[in-house]
Amino acid sequence: MKVKLLKFTQDPEKVCAIAGRLCYSFSGIDEISKKFTKEKIKELLGKIISSGHHSVLEHASFTFGAEGVSRALLAQLTRHRIASFSVQSQRYVKFKTGVEFITPGTIKKDKNLLKKYEEFLKSTEKLYKEYLDAGIPAEDARYILPNASATKIIMTMNARELRHFFSLRCCNRAQWEIREMSCRMLNLVKKEAPILFSDAGPDCLRLGCRESFPCGSPWKKK
């Protein structure tokens, strides 16, 4: 898995702080901007985040690139609708040189099951290539490709949605692959906007566990 922060709002924390101050200030935007120091930004954003006035966090957006993730992950990811996604197409891209597959760690641990898993994927890949060689369109040949098929994604979320995303997907109860990706994303944005994401992560960090079946252990970043 490869996850990279491609682009983000310039000076994201200051932008959010200006938006937050503007809501309750008679001053103009330029005047508000000039008065802000790093300390004042940190103080104001702390109050904004603790008060739940998170709408101003929507003014900062972050764009990520992810490669080597499965279609199973994609199905979960696109449930987060306040986001933008661009995904490598199985309809137009012909994987003639080979199809990349993702293997869960639980399967890797069992040599016998791993062998069966790899044999199945190889047979699927072989049949897929036969269909392409026979003139079957890629959009139809793809029907036999499993959830294990790897894909590439570019996604953009604002800071408010990212905090919500991290609260669900960084949780120990989240599916392992999307949890690994979300934890990597969290580590990346914390480097660029540490105040916005200082307390970001699973709900148990702030609110206590709200899962029906708690993991029973403290949260740990990957």
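The values are calculated or read from the model by the stated rules, or taken from the named source; none is laboratory data. Because the structure is predicted, anything quoted here is derived from the model rather than measured. Here the Cβ positions follow ideal geometry from the backbone for every residue, glycine too, while neighbour counts run over all protein chains shown.
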Tell me yes or no: at least one residue of segment 190-203 is farther than 27 Å from LYS47 by Cβ, crowded, with 16+ Cβ neighbours inside 10 Å, touching a residue at least 60 places away in the same chain (Cβ under 8 Å) and in contact with a helix residue (DSSP H, G or I) (Cβ under 7 Å, 6 or more places away or on another chain). no
Filter pass, TYR143 being farther than 29 Å from LYS4 by Cα and either touching a strand residue (DSSP E or B) at 6+ places or on another chain (Cβ under 6 Å) or among the hydroxyl-bearing types (Ser, Thr, Tyr) (or both): yes
So, in segment 51-65, exactly how many residues are out of contact with any Ser or Thr (no Cβ under 8 Å at 6 or more places or on another chain) and modelled with pLDDT of 90 or more? 6
Members of segment 55-67 that are crowded, with 17+ Cβ neighbours inside 10 Å and either out of contact with any Gly (no Cβ under 7 Å at 6 or more places or on another chain) or not in a helix (DSSP H, G or I) (or both): LEU57, HIS59, ALA60, SER61, PHE62, PHE64, ALA66
Any hit, segment 81-90, residues being more than 30 Å from LYS191 (Cα to Cα) and either modelled with pLDDT under 95 or not hydrophobic (A, V, I, L, M, F, W, C) (or both): yes
Under the condition of being under 25 Å from the mean Cα position of the chain (by Cα) and in a helix (DSSP H, G or I), which residue from segment 102-116 is surrounded by the most Cβ atoms within 10 Å (Cβ to Cβ)? ILE107
Looking at PHE26, PHE101, PHE95, which is the one that is among the aromatic types (Phe, Trp, Tyr), over 30 Å from GLU130 (Cβ atoms) and out of contact with any His (no Cβ under 6 Å at 6 or more places or on another chain)? PHE26
Would you confirm whether any residue within segment 174-195 is hydrophobic (A, V, I, L, M, F, W, C), over 11 Å from the mean Cα position of the chain (by Cα) and within 16 Å of ARG206 (Cβ to Cβ)? yes
What's the total number of residues in segment 22-46 that are touching a residue at least 12 places away in the same chain (Cβ under 8 Å) and either farther than 22 Å from PHE62 by Cα or of a type in the set (A, V, I, L, M) (or both)? 7
Give me the residue from segment 121-136 that is touching a residue at least 12 places away in the same chain (Cβ under 8 Å) and either not in a helix (DSSP H, G or I) or not aliphatic (A, V, I, L, M) (or both) and, out of that set, farthest from TYR92 (Cα to Cα). THR124
Residue check for VAL99: part of a loop (DSSP other than H, G, I, E, B), among the β-branched types (Val, Ile, Thr), closer than 24 Å to ILE144 by Cβ and in contact (Cβ under 8 Å) with a residue 12 or more places away in the chain: yes
